[in-house]
Amino acid sequence: MCLSMIKNLTYERSGDVLKIGVLGGIGPEATAEFYRKLIEKLQKTGIIKTNTGFPQIIINSIPAPELIQDKISDEDLEPYVLGIKELDNFDVDFIVMVCNTIHLYYGLLQKEIKTPIVDLRVEVKKYLLEQKIKSAFIVATPETIKKGLYRFENSEIKEPNKKEIKQLSNTIFLFNKGIKKQEQIKKVRKIYQKYIYGEVTHILLGCTEFAVMLENENIPKINTLDVLVDATIKKASALKQRKNYKLSNPIIKSV
């Protein structure tokens, strides 16, 4: 087909293709890791027969603040609200947010749009129950820790002290900027090692940056990035069955 003919074609995606919205960019590496893990997990399920078998995935990588400060303002949340609304306008079937802290404002964001958002807090709670994990030490942002995003009944979540929270927050900031990344990992390691071989059985990676930083650490951990990937696949599979989605090719029409 010659170039002049291609210019007169329009691309129209079949309406029965599953569409997933991803709010990312907070930070970008965690978003990239989420996407990589999601694709890898889809491949391992065996349901992907050709490249057209993948869902349509729309990633909105927003330039938003890391939410690592002690108090989060309405102004800090504005890019997140805008990012969610932009995905909603793409008419996706559901949205996942690749950030733990933003789930403190899950209710506020869900009220802004019609598209359902996967609630990571609920998914982490399910994971703890399914895996029968009773205790964990959490590494996360100040707000995630102080507001108890992952405090659950029947689960003992040990929290870092004020000094450690400040240190953890600083490692997130520097890691996202690409500054001495291995040094940031060592700082986080030094903190969690005080707890992992004593009072708790697992480390809860309550921030997607820590999920990236500690991916290769040989410790019993709860990786919230993995929990989010699994929840995304479960949600997609359930929708596919309920709505009878088909994995079909896009439609190309002449104009």
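Please go through (1) of a type in the set (G, A, S); (2) more than 23 Å from V118 (Cβ to Cβ); (3) modelled with pLDDT under 95 for S155 and return the number of the only condition it doesn't satisfy.
Failed condition: (2).
Suppose we filter region 51-68 for residues that are open to solvent by 60 Å² or more (accessible area, probe 1.4 Å), under 16 Å from K19 (Cα atoms) and of a type outside the set (V, I, T); how many remain?
1
Go through (1) more than 17 Å from T208 (Cβ to Cβ); (2) open to solvent by 80 Å² or more (accessible area, probe 1.4 Å); (3) at pLDDT 85 or above; (4) not in a helix (DSSP H, G or I) one by one and return the number of the condition Y11 breaks.
(3)
How do the pairs read when you match residues in region 120-133 that are over 14 Å from L149 (Cα atoms) with residues anywhere that are buried (at least 18 other Cβ atoms within 10 Å of the Cβ), using Cβ under 7 Å and keeping only pairs 6 or more apart or on different chains?
Within 7 Å, the pairs are Y127/I222; Y127/V227; I133/H202; I133/I222.
Mind telling me which of the residues L168, L104 ends up being at negative phi and either touching a Pro at 6+ places or on another chain (Cβ under 8 Å) or not in a helix (DSSP H, G or I) (or both)?
L168
Residues of region 104-127 being open to solvent by 10 Å² or more (accessible area, probe 1.4 Å) and within 17 Å of T208 (Cα to Cα), which ones?
Correct list: L104, Y105, Y106, V118, D119, R121, V122, E123, K125, Y127.
Of all residues in region 128-142 being open to solvent by less than 10 Å² (accessible area, probe 1.4 Å) and not hydroxyl-bearing (S, T, Y), which is nearest to the chain's Cα centre (by Cα)?
A140
So which residues in region 200-209 are under 20 Å from the mean Cα position of the chain (by Cα) and part of a loop (DSSP other than H, G, I, E, B), if there are any at all?
Of everything in region 200-209, those that are under 20 Å from the mean Cα position of the chain (by Cα) and part of a loop (DSSP other than H, G, I, E, B) turn out to be G206, C207.
Just to verify a result, which residue in region 166-191, among those that are farther than 10 Å from I68 by Cβ and touching a Lys or Arg at 6+ places or on another chain (Cβ under 9 Å), is least open to solvent (accessible area, probe 1.4 Å)?
Checking each candidate, the answer is F175.
Per-residue answers, yes or no, for (1) out of contact with any strand residue (DSSP E or B) (no Cβ under 7 Å at 6 or more places or on another chain); (2) not in a loop (DSSP other than H, G, I, E, B):
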residue	(1), (2)
K132	yes, no
E143	yes, yes
L149	yes, no
I157	no, yes
L174	yes, yes
K187	yes, yes
K194	yes, yes
G198	yes, no
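The values are calculated or read from the model by the stated rules, or taken from the named source; none is laboratory data. Predicted, not measured: the structure shown is a model, and the values here were computed from it. When we count neighbours, we look across all protein chains shown, and the Cβ atoms used for this are built from the backbone with ideal geometry, even at glycine. Accessible surface areas use protein heavy atoms only, side chains included; no ligands, DNA or RNA. Shrake-Rupley method; radii C 1.70, N 1.55, O 1.52, S 1.80 Å.
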